[in-house]
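Encoded as structure tokens, the structure appears first; notes follow it.
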Amino acid sequence: MSVLQKLVLASGSPRRIELLQQAGIEPDRLFPADIDETPLKAEHPRSLAKRLSRGKAERAYEALKGDPDAAGAYILAADTVVAVGRRILPKAELIDEASNCLQLLSGRAHRVYSGVCLVTPSGKFRQKLVETRLRFKRLSREELESYLATGEWRGKAGGYAIQGLAGTFVVKLAGSYTNVVGLPLYETVSLLSGEGFKVHFGWLATPPAP
């Protein structure tokens, strides 16, 4: 049985694409929605994650309004924020940024927030916010320098990718692991299913895992 439904992912993140594919969902189109991600003065990390995910969804929705190929599509947007207390860590692009993030996270607890925003074919906006708490081990100079040399940190919120080598730094994790990777799967699939997207039809064409 075929189901005519379309999903636009308002992101070009390979991690989010892979996570959706893990859930048996293949986006029909990628539409990276670039917006200013600068936090507002005294903005709480959870508020930032919600605002940015909503902003990306709105940007994609407005841009695709007159596009016949996007008619009737669901639009999914997300944003992930890493924070120590109320301090929001950057998406590290420079090695000094990554080094500062990792030194701050070393031996401490932090939180990862993801805002997920779905626009339905009828134009309704639905949002979820997911929080995961983590604690890193105390990093030695050798661990820090070796990790920085890999370049895995580049473009990652907080200067690390948990699905890579930095997974060895995590002493404790409470909450959604996929949230830390970049897209909380349980909440995202629940959001889609609750708005009528037939998630499980994609499973019929998914080969079994090795």
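Key figures
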quantity: Which listed residue is of a type in the set (Lys, Arg), closer than 15 Å to ASN179 by Cβ and either modelled with pLDDT of 95 or more or surrounded by fewer than 23 Cβ atoms within 10 Å (Cβ to Cβ) (or both), from LYS91, LYS56, LYS65, LYS50; calculated: LYS50
quantity: Lone qualifier among ASP79, ASP96, ASP69 - being in contact (Cβ under 8 Å) with a residue 24 or more places away in the chain and out of contact with any helix residue (DSSP H, G or I) (no Cβ under 7 Å at 6 or more places or on another chain); calculated: ASP69
quantity: Long-range neighbours under 8 Å by Cβ, at least six apart or interchain, first residue under 16 Å from CYS117 (Cα atoms) within segment 23-44, second of a type outside the set (A, V, I, L, M, F, W, C) and part of a loop (DSSP other than H, G, I, E, B); calculated: LEU30/SER11; LEU30/GLY12; PRO32/SER11; PRO32/GLY12; ALA33/SER11
quantity: Test: residue in segment 35-48 that is hydrophobic (A, V, I, L, M, F, W, C), within 14 Å of the chain's Cα centre (by Cα) and not in a helix (DSSP H, G or I); calculated: no
quantity: Residue under evaluation GLY107, criteria (1) over 30 Å from ALA57 (Cβ atoms); (2) surrounded by 15 or more Cβ atoms within 10 Å (Cβ to Cβ), criterion not met; calculated: (2)
quantity: Test for ALA73: is it crowded, with 22+ Cβ neighbours inside 10 Å, of a type in the set (A, V, I, L, M, F, W, C) and in contact with a Ser or Thr (Cβ under 7 Å, 6 or more places away or on another chain); calculated: no
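The values are calculated or read from the model by the stated rules, or taken from the named source; none is laboratory data. As the structure is a prediction and not an experimental result, all values here were calculated from the model. We place every Cβ from the backbone using ideal geometry, glycine too, and count neighbours over all the protein chains shown.
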